[in-house]
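Below is a structure I'd like to ask you about.
The values are calculated or read from the model by the stated rules, or taken from the named source; none is laboratory data. In this text, all values refer to a predicted model and were calculated from it rather than measured experimentally. Cβ atoms come from the backbone with ideal geometry, glycine included; neighbour counts cover every protein chain shown.
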Amino acid sequence: QVQLVVSGGGLVQAGGSLRLSCAASGRIFAFYTMRWYRQAPGKQRELVATITSGRITNYVDSVKGRSTISRDNAKNTVYLQMNSLRPEDTAVYYCNLKKRDIDYWGKGTLVTVSS
């Protein structure tokens, strides 16, 4: 079983920055693609950023150029650095690891961007 512990959310003014962290249990972290999702109030959960085991990254258009996903396999941790935050980035952010078709989710962290 995989456990994911998310941290780093909070309240920030528009234009500010936050870095989210997601620490995974176990030894398997390095082999798996990691994903950040978010869910805004009244909206469906959306995929924000992906990083493969080979560190190939992908982003939803709305965060491209403002966010960076990275991973530190020695620390079993994936990060999401978010810059130039906008009120529409307000959401609960989750990290995800899929192993053998089973989705593991970290407890979300709330990011609130004030205008």
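Please go through the stretch 106-115 and give me each residue that is of a type outside the set (A, V, I, L, M, F, W, C) and either crowded, with 21+ Cβ neighbours inside 10 Å or not in a loop (DSSP other than H, G, I, E, B) (or both), ordered by number. Step through it out loud before you land on a result.
Restricting attention to the stretch 106-115, the residues satisfying the condition of being of a type outside the set (A, V, I, L, M, F, W, C) are 106-109, 112, 114-115.
Across the stretch 106-115, the qualifying residues are 106, 109, 112, 114.
Here is a follow-up. Got a sec? Which strands (runs of 3 or more DSSP E) wholly within the stretch 1-105 have at least 2 residues that are surrounded by 15 or more Cβ atoms within 10 Å (Cβ to Cβ) and without any contact (Cβ under 8 Å) to a residue 24 or more places away in the chain? Please lay out each step first, then the result.
Working: elements: 4-7, 10-13, 18-24, 34-39, 46-51, 57-59, 67-72, 77-82, 91-99, 102-105.
Those strands (runs of 3 or more DSSP E) span 67-72.
Taking the stretch 74-115 as the region of interest, how many residues are of a type in the set (A, V, I, L, M, F, W, C) and touching a helix residue (DSSP H, G or I) at 6+ places or on another chain (Cβ under 6 Å)?
Matching residues across the stretch 74-115 total 1.
Only one of these is at pLDDT 95 or above, farther than 24 Å from residue 100 by Cβ and out of contact with any Gly (no Cβ under 8 Å at 6 or more places or on another chain): 14, 49, 23. Name it.
Of 14, 49, 23, the one residue that is at pLDDT 95 or above, farther than 24 Å from residue 100 by Cβ and out of contact with any Gly (no Cβ under 8 Å at 6 or more places or on another chain) is 14.
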